[in-house]
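First comes the structure, then the notes that go with it.
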Amino acid sequence: MAKSVFGAIEFVLNIIKMKGTEIIIISNIESDLSLIKFPNVEIVDLNNFPFSKDGQSESIKKNIEYEFSFDKSKRFVIKTDDKYPMHSIHKTFSFLKVLFPSSLKIEYFVDGSYNENNFITTYYHNTDLNDSNNDDYLHFDELKIPLINDFIVKTFSDFYKIGYIENSIKNYIGSFDASHKHFRFLSLCICLECLINETSELLYRISRGCSIICGEDKEKANLIFFNIKKIYNLRSKIVHGSDFDWEKLDNYLVYLECLVSKIIVELLIHKIDNSKTINTMLTELGFGQKYQLSDNWYEFKFNDKVENKIIEILK
């Protein structure tokens with residue numbers, strides 16, 4: 001009798017020790033994401049994550065081993081000890097997606113609990129979220145990790161705090177899940193429109209505003225200005241049901257992803273708290289004067305893919 005009582009007490013104590021939480025497993029990654037540091041969130045190589053040997057965890061591993069035989073993508077776990085883990089985890093995932101436009105995706109949502117240091121899976125769900133380009137794996141220059149981590153320290157807490165930037169971020173993240181490429185394209189155009197709080201001369205204001213925010217000199221700002229006019233010519237054809245070039249759509253889509261990424265990064269640096277203020281500044285400034293938008297600005301070039309793409313000449 002005493003033995004069974006002590007056994008029951010031990011069982012209860014083990015349950016108390018087990019901390020319920022949620023994690024996600026992400027894929028379509030080429031670089032070592034564990035080098036990137038977020039506050040209160042940890043990114044762990046899946047091979048180093050302490051899954052227990054329960055049936056559910058073994059099932060996840062077997063599925064991932066099968067997928068890896070085809071795609072060779074690295075997998076990482078995003079985890080946190082925050083009170084509301086999914087909020088912090090999704091925020092981290094979205095931040096990564098903004099920094100690195102790519103086919104980075106959430107492959108599994110996993111519920112479970114820690115018993116000592118082992119993670120015991122209670123439920124998991126494999127996603128079928130769309131990719132922008134299955135070959136477009138997340139990649140970064142590891143020499144720029146200190147720069148990237150410093151940027152995260154300075155901006156992560158403000159990621160969802162400024163309304164017009166938040167709207168742009170949500171449309172950007174949502175664009176990757178759109179069912180068709182032309183819907184993704186339209187969502188990314190909306191990201192640009194979130195910057196402008198005027199309805200008159202909308203195309204001119206968008207083209208000029210994005211060119212000032214992203215163009216480091218007059219020549220590059222002019223190039224962005226005319227690229228956006230080409231993008232909106234395609235947008236007009238899509239929304240009015242006219243015939244359009246699907247190959248051009250593919251090229252413009254990648255350009256827009258990189259442009260919106262760059263704009264969000266620049267706005268997070270400036271920390272201008274409302275669109276009315278930034279619109280006034282954009283009216284007053286000229287091409288090549290991006291650094292005058294705020295006293296907060298500093299140069300942050302960390303992603304060669306983005307920097308090179310936004311100054312391509314669109315055909």
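The values are calculated or read from the model by the stated rules, or taken from the named source; none is laboratory data. From a predicted model like this one, the values you see are computed outputs, not experimental measurements. Here the Cβ positions follow ideal geometry from the backbone for every residue, glycine too, while neighbour counts run over all protein chains shown. Side chains are part of the model used for accessible areas, which takes the heavy atoms of the whole protein and leaves out ligands, DNA and RNA. Shrake-Rupley method; radii C 1.70, N 1.55, O 1.52, S 1.80 Å.
A few remarks follow.
- Residues being more than 25 Å from the chain's Cα centre (by Cα) and open to solvent by 70 Å² or more (accessible area, probe 1.4 Å) - total across region 216-228: 3
- Region 132-165, residues that are among the charged types (D, E, K, R) and either open to solvent by less than 30 Å² (accessible area, probe 1.4 Å) or modelled with pLDDT under 95 (or both): ASP135, ASP136, ASP158, LYS161
- Entry remark, region 230-239: residues being out of contact with any Phe, Trp or Tyr (no Cβ under 8 Å at 6 or more places or on another chain) and open to solvent by 70 Å² or more (accessible area, probe 1.4 Å) number 2 in total.
- Evaluation of ILE269 against the conditions (1) modelled with pLDDT under 95; (2) assigned to a helix (DSSP H, G or I) shows that the sole unmet condition is (1).
- Residue match in region 114-131 (condition: over 30 Å from HIS270 (Cα atoms), in contact with a helix residue (DSSP H, G or I) (Cβ under 6 Å, 6 or more places away or on another chain) and either buried (at least 17 other Cβ atoms within 10 Å of the Cβ) or among the basic types (Lys, Arg) (or both)): yes
- Strands (runs of 3 or more DSSP E) wholly inside region 37-116 that include at least 2 residues being over 22 Å from ASN303 (Cα atoms), of a type in the set (Gly, Ala, Ser) and free of Cβ contacts under 8 Å to residues at least 24 places away in the same chain: none
- Filtered residues of region 240-258 (kept if at negative phi, open to solvent by 50 Å² or more (accessible area, probe 1.4 Å) and not in a helix (DSSP H, G or I)): HIS240, SER242, ASP243, ASP245
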